[in-house]
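Student: Pasting a structure below so you can have a look.
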There are 2 protein chains.
Amino acid sequence: MELVWLIPVAGIAAVLYAGWLAFNVLSRDPGTPAMQEIAGMIFEGAMAFLKRQYLTIALLALGTAVLLGVIVGAVSEGVKDIALGSDGQIEYGAMKVGQWTEGLMTGVAFLVGASASALAGFIGMYISVRSNSRTASAAQRSLKEAITVSLRGGAVSGFLVTALSLIGVSSIFFIYSDVLGYPRAIAPFLIVGFGFGASFVALFAQLGGGIYTKAADVGADLVGKVEAGIPEDDPRNAAVVADLVGDNVGDCAGRGADLFESMSAENIGAMILGVAIYAVTDRIEWIMFPLVLRSFGILATIVGLSSVPFFAREDGQQDPMTPLNFGYYIVSILSVGGLAIATKVLLGDAWYWFFFCGLVGIATGIAFVYITQYYTSGNWRPVREIADASRTGPATNIIIGTAVGFETTAATALAIGTALVGSFLLGSSAEITGVPSFTAGIFGTAVATMGLLMSAAYILAMDTFGPITDNAGGITQFSGASESARHITDSLDAVGNTTKALTKGYAVASAGLAAFLLFSAYLDKVKERLDLPLTQQLPIDLSNVDVFVGALLGVMLVFLFSSLAIRSVGKVAGAIIEEVRRQFREDPGIMAGTSRPDYARAVDITAKASLRAMVAPGLLAVGMPVVVGLVFRFVVAPLHQGDVKDSGWLAVSGLLMVGTIGGIILATFLNNGGGAWDNAKKFIESGQMTDENGEVIGKGSAVHAAAVVGDTVGDPFKDTAGPSLHVLVKLLSTITLVLAPLFIAT
Amino acid sequence: MELVWLIPVAGIAAVLYAGWLAFNVLSRDPGTPAMQEIAGMIFEGAMAFLKRQYLTIALLALGTAVLLGVIVGAVSEGVKDIALGSDGQIEYGAMKVGQWTEGLMTGVAFLVGASASALAGFIGMYISVRSNSRTASAAQRSLKEAITVSLRGGAVSGFLVTALSLIGVSSIFFIYSDVLGYPRAIAPFLIVGFGFGASFVALFAQLGGGIYTKAADVGADLVGKVEAGIPEDDPRNAAVVADLVGDNVGDCAGRGADLFESMSAENIGAMILGVAIYAVTDRIEWIMFPLVLRSFGILATIVGLSSVPFFAREDGQQDPMTPLNFGYYIVSILSVGGLAIATKVLLGDAWYWFFFCGLVGIATGIAFVYITQYYTSGNWRPVREIADASRTGPATNIIIGTAVGFETTAATALAIGTALVGSFLLGSSAEITGVPSFTAGIFGTAVATMGLLMSAAYILAMDTFGPITDNAGGITQFSGASESARHITDSLDAVGNTTKALTKGYAVASAGLAAFLLFSAYLDKVKERLDLPLTQQLPIDLSNVDVFVGALLGVMLVFLFSSLAIRSVGKVAGAIIEEVRRQFREDPGIMAGTSRPDYARAVDITAKASLRAMVAPGLLAVGMPVVVGLVFRFVVAPLHQGDVKDSGWLAVSGLLMVGTIGGIILATFLNNGGGAWDNAKKFIESGQMTDENGEVIGKGSAVHAAAVVGDTVGDPFKDTAGPSLHVLVKLLSTITLVLAPLFIAT
C-alpha cells in the first residue's frame, strides 16, 4: 500500500490551507456600514433558505435511507467474498455480509454521503456570503485586491469540498474494511450508498437553489427593469435581496454539492472497477489508486492557486482571466507529474498505458476550457452571431441562440467521444496477467476521469468566485458605492460568468467520461447478483425491446425533468412579481425612495415557492428509474415468451446509459445556449456593436431589449435545468447501482 | 398468393379516385381576376422554385446513385440465396446476384425511388397551387363549399402519393423477382435502394422547402408587421408572395415526399423481416403482407374520405374538425376490418396475434391524434399556460413554451414505448414452427407500423388541406375580397394548423414504431454479410465503447442537424428582410400603394438562398453515418486489442438506434412546442383572454406582441427542423441499410 499515506496528508493539507485562506479573507475589512447591512440581509436570507431547504431534504433523505435499508435488506442476498478462481475467472466465495447487514450499511453510507454533501453545500455558501462584502470593500481600493479576496473566498469552498469528499470516501472505506473487518474487495460495494446519498442531496440542493436563484433573478428583472424602469439591483426593488441571496444558494451551495457528488460517486465507481483487477493481481493498489491520484490533485491545486497572484499584474490593465488561466496550467502540469508518480508506483508494469489515459483526462479538461470559452465568450463568432440577430428583434435572437446552443453539442460530443475511445483503447493495451483487455479498458476510462478531476478544487474555486463577485457587484450598487468600485466589480462579474460556464463544461465532461465507469459499476453489481464472473462481459443489447424502450424513456426523462425545472422558475418568478407589484401598489413611498420595501417578505416567498417547486422534478428523477425497473421486471418480463427474467435490469440499463447521453447533450445545449445569450447581451452593453451609420447600439436600444429577452430565457436553462441535469445523470448511476437487486429477478 | 390481386386494384382505384377529385376541383370557379392573378404568381413562384430545387436534387441524386452503385459493387460480395437449412437455421445458398449486378440494381432502385419521391412532392404541390384560388372563390359563397374544395384538393395529393408508393414498391419488387427472375427471398434486399432514394430526395425537399417557407414567413412578418406596421399578407409587402409560395413548397411538397418515403421505406423494411419467416414457412404471403395491408388501407380511406361531406352540417356553425374526425373514425373502423381479413388470410394459424399487433398500430395513430390536439390546441392547459405567460412578456412566453415543448416528449415516448413493447410481445406470442419468438416479435412491430400507416392517405389529405386553406386566406386578403370570405378562410386556416400538427405527430409515431423494423432490416443485412443465420440474434452491446460513442454521436447529429436547419431560416430571413427594406427605401410609392413591389425578385432571392442553405444540413445527414462507420472500421477497430473487426458496423448501429431515439424526442419538442406557441398567439387573437379588470386582451396588446415572438420562434422549429428530423431518422435507416457492407470488415 505505497503512497496511501498521501491521502490523509492531502486531506489535512487541504483543510489547513482552506483554514488559512478563510482566516485571511475574514480578517479583511468588511466594508462600509451600508455594505455590511445589505451583506447581513443576504446572509440572513441565505441561511434562512438553507435551513428550511436542508430540513426538507433531511426529511426526504431520512425516509429514503430507511426505505433503502429495508429494500436492500429485503431483496439482496448479502455480499459474498470475491477471489480468483482456479480457472482464472473471478469467483465468489463465502457469504461475508448478511443481507440485512448490507441494508444497514448501505443506509448508513447513504446518510453519511448525504450529510457530507449537505455540509459541502453549506460550506460553499457560508464562505461566499462572508466574502461578498469584503470583495465589495476591496473593489473600492483596487482590482487586484478584489480578485484576491474573491478568489480566496472561492478557494476555501473548493478545497473544503474536495477534502470532504476525499476524507469521506476514504474514511468510510477504511471503517468498513479495516475497522469492521470486511474484505477489501467487497468494501467498495458496501459504500455505494455514500455516492447515492451525495447525489440525492445534490439533486435537491441544485434544484431548489437553481429554481430560487433564477426565479428571483427573472422576477426581479421583469418587475424592476422592465415594468418599473429602475436599474438592476436598485434598493427600491423588493426582490433585489432575494436575487442576491439566490446567487449564493444556487451557484455556491448547488454547485458545491454537485461537484462533491461527482467526485465521490466517480471515485467509488473507479474503486469498484479496481476490485476485479485486485482480485486477479492481489494488489490493493488498484482499489486505492483513485484516492491517491486525487490526493496528488489537491497538492497540485494548492500550488497552482497560490501561484495566481504572481501572474496578476499590478497595473490593472490585464484581463482577469489571464492569471486564472496561468494558475490552471500550473495545476495541469503538476497533475501530470503526480499522475506519472501515482501510475508508476501503484499500477504495475503496464503503468504507462494508464498514465496516457490520465493524460487524456487532463487534456479533456483543457479542451473543455477552450470549447466553453469559444461558445460563450464575446470574442468569437457564436456570441456575436446572437448579438447580430438581436437587430431584428427578440424572435431572431432566440432562433439563432437556439441554433448556437444546439451546435455546441457537436464539440462536446466529439471531445467526450474521442476521450472515451482513446482512454479505453489505451487502457485495454495494458497487459495485466489474467485481466481481460475489456476490463483494463474500462479501468482506463476511470483513470481518465480521475485525471480530469485532479483539478476539481481549482475549478470549484473559480466557480465560487463567480457568485462572490456577482454579489459584490450587487452590494456595491445597492449601497451606493463609488463609480470606480462598480466598474471593478462589473469587470470581475464578467469573468465570473465565464468561470461559471467553465465549471458547467467541466461537470459535463466529467459526467461524460465517467459514464463508462459508472455503468460498469452497475453491471458489476448485476453480475454479482447473477453469480457471473466480474471479468465476463454482459451485453446490453440495444436491439432488445426492453433495452430500447428503456433507452427511449431515458431520453424522455431528461426532457421531462428539464421541463419541470424550467417551468418551476417561471411559476416562482410569477409569485415574486406579484409580491413586488403589491408592495409598489400598497406603498407609493417605495418608488419615491422614502420608504423601504419589505425585502424579507420577498425572500420568504421565494424560498417557500422554490422548495415546493423542487419536489416534483426531484421525485421524478428518483422515482422514474425505480418505476421503470419494477414495471419491466414484474409486468413485462412475465409476458415475454420463454423464461425471460432480465427485462427489469435491462430496461434500467437502457434508461441509464442512453439517459446519460441525452442528459449530457441536453445539458450542453442548456448551459452553453444560456451562457451565449447572457454574453450576447453583455457584448451589446459593452458598446462594441454599431448600426449602419457607425453609431453605437448600446444599453436602452431596441436591440439591447431583444438581447435581454434572450438573456432572461437563458437564465433557467443555464442555471436551473442544465446544472440539475448533471446531477440527474450521476443520480441515475448511483440509484441504479444501489437498487440493482430490486430490478433483477432470479 | 391470395389477396395479392388487391395491390393493383387498390393502386388503380386510388389513381382513378384522385383523378375524379382533381377533375372536380379543377372544374370549379377559379375566382375573381384579382384572385387568379395572385394565384398565378404563386403558381409561377412555386414552379420556379421546384424546378430549381429539383435540378439541384437531381444532380445530387445522380452523383449519389453512381457512387452508391460503385460502392456497393466494390464492397459487397453479392447476394446469396436464402433457405431453410437442415438444422432448422436459415442458411445461405448459391450466389444469385453478382456484386456488380447488386451495385447496379441498388443504384437503379435508388434512382427510381428518388424519382418517385420527387414526383410525389411535385403532385402535392401542383394540386395545392391549383386549389388555392378555387378555395378562395368558394369561401365567397359558403364554408361548406370551401371545405369541400380544399379537402378534395388535399385528397388528390394524399391518394396519388400513397398510390405511387404502393405501385412503386410492388412494381420494382415484381420486376426484380418475377421479371428478372431473382429469388423472391432476396428481392427485398435488392430494392432497399428504393427507400434510400426516396428518403434522400425527401430530406432535401423537406429541408429546402422548410427553410424557404419559414424564412419567407418570418422575414415577411418581421419586415411587414413589425417594422412597417402593415397587416399580414398586405400587397405592399414584397415578401408576401414568397410567403404564400412557401406554404406550397414546404408543407405540400416537403410533407408529400416525407410521407412517401416513410411508407416506402417501412414497407420495404417489413418485407425484409418477412423474408426470414418466408424462408421457414415457404409462404410468400409473409413478404407480400405489407403491400396487401396497405391496399386495404387505401380502400378504407376512399370510403372514409367520401363520407366526410355527410358529417358536415349545412348551417356552418360546426367546428370543421368534427366531420374530419368522423371521417378518420370511419377509416379506422374499416381498417380494422381489412386488417382482420389480411392477417387471417395471409398469416397462417397464429394470425390473430398479428391482428392484435395491427390494432396496436391503429390505436397508436388515434392516441397521437389526441396527444397532439391536447398539446397544440387552445382548448387545453398547455396552450393557455403559454398564453398566460405572455402577460409578463416574450421571455416568459419562451420559457413556458420550452417547458411545454419538453413536456410533450413524455406522452410521445410513453405511447411509442407502450406500442413497441405491446406489439413485440403480441407478435412473439404467435407460434410459427421454426421461427424464433424474437423474429415473430419484430414482425409484430412491423405489423403495428403497417396498421398505423393504413390511414396515411387520409392523414396526408388533411395535411395538404392546411396549406391550401392558408393560401386561400392569403389570396382572399391580398385580392381584397369580402370580410365574410376572410372570416371563412380564417376559420379553415385554424383547422389547417391543427391538421398540420396532427400529420407531424403521425410521422413521429410512424418513425418510432418503425424504429425496430428498420434496425432489424439493417441487422439482417449485417448478418447476411457475416454469414450468420437470419434468425440468430445479434446483440448491439451498449456497454461496448464503439456502440456507446456511436450512440453519443447519433444524439449529437440530430442536434447539430437541427442547429443548421434553424440557423438557415434565420439567415435566409435576413436576406429577405434586406430586400424588402431596399424596395421600401428605393420606391416610396410602394408604401403609399401607388406602385407595385417586385414580388418576383423577393421570390427569387428566397429560392436561391434556401437552396444554398439546404446543402449543409443535407450533406451532414448523409455524410455523418458514413464517416462514423469508416472511421470506426478503419481507424478504431485496428487499435482494439485482439482481432476486433466489428467496430464499424457496431458504431453505426449505436448511431442509428440512439440517433433515432434522439430524433424522435427532439422532433416532438420542436413540432409540438412550435404548434403550441402558434396557437397561444391564436388563442389571444381570438379574444378569449382578459385582464384583471375583465377587459379583453387581444391583437395589438403587449401581451399579443409577446405571443407573436413565441410564434415566430416556433416557426422554424415546427416547420423546418422538426419535419426534417423525421426524414433524417428514416434516412439514417435507409442509408445504413444500403451501405452496411461498407462498415463491415470481414
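The values are calculated or read from the model by the stated rules, or taken from the named source; none is laboratory data. Bear in mind the structure is a predicted one, so any value in this text is a computation, not a measurement. Quick reminder, even Gly has a Cβ in these numbers, built from the backbone with ideal geometry, and neighbours come from all protein chains shown. Areas reflect the complete protein model, heavy atoms only, side chains present, ligands, DNA and RNA absent. Shrake-Rupley method; radii C 1.70, N 1.55, O 1.52, S 1.80 Å.
Student: At 7 Å along the Cα-to-beta-carbon direction for both B:Asp178 and B:Gln688, put a label point, then send me their distance in nm to one decimal.
Tutor: With each label placed 7 Å out from Cα toward Cβ, I get 5.4 nm.
Student: Taking 8 Å as the Cα distance limit and 6 or more residues as the minimum spacing, I'd like the relative contact order of chain A as a percentage. The partial results should precede the final answer.
Tutor: Values: 1478 pairs, mean separation 149.3, N = 746.
After rounding, I find 20 percent.
Student: Could you give the length gained by full extension between B:Val70 and B:Asp234, i.e. 0.36 nm per residue of separation minus their alpha carbon distance, to one decimal place?
Tutor: Values: separation 164, 0.36 × 164 = 59.04 nm, distance 5.25 nm.
Full extension from B:Val70 to B:Asp234 adds 53.8 nm.
Student: Residues of the stretch A:393-413 losing 50 Å² or more of accessible surface, assembly versus chain alone, probe 1.4 Å, please list them.
Tutor: A:Ala395, A:Ile399, A:Ala403, A:Phe406
Student: Express in nm, to one decimal, how much length is gained between A:Leu26 and A:Phe310 on full extension, taking 0.36 nm for each residue of separation and deducting their alpha carbon distance. Provide the component values of the computation, followed by the final result.
Tutor: Values: separation 284, 0.36 × 284 = 102.24 nm, distance 2.20 nm.
Taking 0.36 nm per residue and subtracting the Cα distance, the gain is 100.0 nm.
Student: Where the accessible area of the stretch A:54-193 is counted over protein heavy atoms with a 1.4 Å probe, how much of it, in %, is carbon and sulfur? Present the calculation step by step, with values, prior to reporting the outcome.
Tutor: Working: 3190 of 4770 Å².
Roughly 67 percent, rounded to a whole number.
Student: Right, another one. Estimate the FRET efficiency between A:Val15 and A:Asn379 by the formula 1/(1 + (r/R0)^6), using the beta-carbon distance for r and 45 Å for R0, to the nearest 0.05. Mind dumping the intermediate values first?
Tutor: Numbers: r = 38 Å, r/R0 = 0.85.
Calculated value: 0.75.
Student: Let me ask something else about it. Taking GluC sites (Glu not before Pro) as candidate sites, keep only those in a DSSP loop with at most 12 other Cβ atoms within 10 Å, then name the longest stretch of chain B containing none of them. Present the calculation step by step, with values, prior to reporting the outcome.
Tutor: Values: sites that count: B:Glu2, B:Glu314, B:Glu692, B:Glu695.
It works out to B:315-691.
Student: Hey, what number do you get for the protein assembly as shown at 222 nm if only DSSP H runs of n ≥ 4 count, each worth -39500 (n - 2.57), divided across all residues, to the nearest 500?
Tutor: Values: 44 runs with 1137 residues, N = 1492.
So the helix-based figure for the protein assembly as shown works out to -27000 deg cm²/dmol.
Student: Now, a different point. Give me the percent of the accessible area of the stretch B:216-341 that comes from carbon and sulfur atoms, probe 1.4 Å, all protein chains in place.
Tutor: Numbers: 1960 of 3250 Å².
In the stretch B:216-341, the share of accessible area belonging to carbon and sulfur is 60 percent.
Student: Using the heavy atoms of the protein chains and a 1.4 angstrom probe, tell me the accessible area per residue for the protein assembly as shown in square angstrom. Spell out each step's value before the answer.
Tutor: Details: 42780 Å² over 1492 residues.
With the other protein chains kept in place, the protein assembly as shown gives 29 Å² per residue.
Student: Using a 7 Å offset from Cα along the direction of the beta-carbon, what are the separations from A:Gln89 to the same position in each other copy, nm, ascending?
Tutor: Computed spacing set for this position: 2.2 nm.
Student: Label 7 Å along Cα→Cβ of B:Glu44; the stretch B:227-271 residues with amide nitrogen under 13 Å?
Tutor: B:241-242
Student: Also, I was wondering about something else. Quick one: with all protein chains in place, what share of the accessible area of the stretch B:645-684 is carbon or sulfur, to the nearest percent (1.4 Å probe)? All intermediate terms of the calculation are to be shown ahead of the outcome.
Tutor: Values: 180 of 370 Å².
Roughly 49 percent, rounded to a whole number.
Student: Note the buried accessible area between B and A here, summed over both chains, with a 1.4 Å probe, in Å² to the nearest 100.
Tutor: Numbers: alone 24740 and 24700 Å², together 42780 Å².
Approximately 6700 Å² gets buried when B meets A.
Student: Note down the nm distance, to one decimal, between modelled labels 7 Å out along Cα→Cβ at A:Asp319 and at A:Arg585.
Tutor: 4.8 nm
Student: Ok, one more. How many nm separate the modelled label positions at B:Trp5 and B:Tyr370, each set 7 Å beyond the Cα in the direction of the Cβ?
Tutor: Using points 7 Å along Cα→Cβ, the separation is 4.1 nm.
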